[in-house]
Every structure is written in C-alpha cells, then in structure tokens.
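Reading through the structure tokens given below for one structure.
We did not get these values from a lab; they are worked out from the coordinates using the rules stated. In this text the structure is predicted, and so the values were computed from the model without any measurement. Because the Cβ atoms are built from the backbone with ideal geometry, glycine has one as well, and the counts that use them run over all protein chains shown.
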Amino acid sequence: MVFDISKISGISDYTAKTEKHRQLYFKSDKAFLVVNKNTIEVRCDPLLSENLKTKYETVMESRYFGKGGVEIVLANQLSPDEIEDLIRLSYNLT
C-alpha cells in the first residue's frame, strides 16, 4: 500500500527520510510514521493500542516506537479511513 501523506487532512509540516527499507516521517525532529514494505508504525495512546491489538490480529506493538505505538500489517483489516485516523492521531501526539 502506498501512502500519499499530503492528502491526509490535519497533517501540515513534516519531513520525510528514507532509511534502508523504510520511509520515516518527522514532525519537529520526532518520528510520527514509519512506512515499511508491508506494515506501518504509528504513535498511539496506550489504551487505544491495547484495544487495537485485542481487536485485530494484524496489529502488534511497534518495533520503532515500542510500547508507545503500534505496527499494523497492511492486510485490509483496518479501512483506509481508520489508518488515516491513526496517522493523524500519531502526528498530533508528536
């Protein structure tokens, strides 16, 4: 899945950096989104994180953000709108 982050409302100032096999997006020198080949990683509230991990088998603890985020396998369990909402939340938490 390819993301056009410029089309997500509520996200304005950010920088992008390619690192090995992933794309990182930063707000004020802090990452808010990591796009890997088959997954994305976002910052997330701990309670929402637990809820998502319980509800979806394709959501797990983020390798990049640790307990402060989730990693989502892009297997169509979450809708594009839900993923955009999580990216927007991550941006606002950063």
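Whole-Hz ³J(HN,Hα) for each residue in the range 67-75, computed from phi via Karplus 6.51 cos²θ - 1.76 cosθ + 1.60 with θ = phi - 60°, x for glycine and proline: what do you get?
Each residue's phi maps through the Karplus curve to give 5, x, x, 10, 10, 10, 6, 7, 10 Hz.
Counting helices only, and only those DSSP H runs with n ≥ 4, report the 222 nm mean residue ellipticity of the chain as the sum of -39,500 (n - 2.57) divided by its residues, in deg cm²/dmol to the nearest 500.
Dividing the helical sum by the residues of the chain leaves -8000 deg cm²/dmol.
What three numbers, in Å, describe the spread of the alpha carbons of the chain along their principal axes, ordered from the longest?
Per principal axis, max minus min of the Cα coordinates gives 32, 25, 24 Å.
Enumerate the calculated ³J(HN,Hα) couplings along the range 6-23 in order (Karplus 6.51 cos²θ - 1.76 cosθ + 1.60, θ = phi - 60°), each rounded to whole Hz, writing x wherever the residue is Gly or Pro.
After applying 6.51 cos²θ - 1.76 cosθ + 1.60, I find 5, 8, 8, 5, x, 10, 10, 8, 7, 10, 10, 9, 8, 9, 6, 9, 9, 10 Hz.
With charges set only on the Cβ (+1 for Lys and Arg, -1 for Asp and Glu), what does the dipole of the chain come to about its Cα centre, in debye to the nearest 20?
Roughly 320 debye, rounded to the nearest 20.
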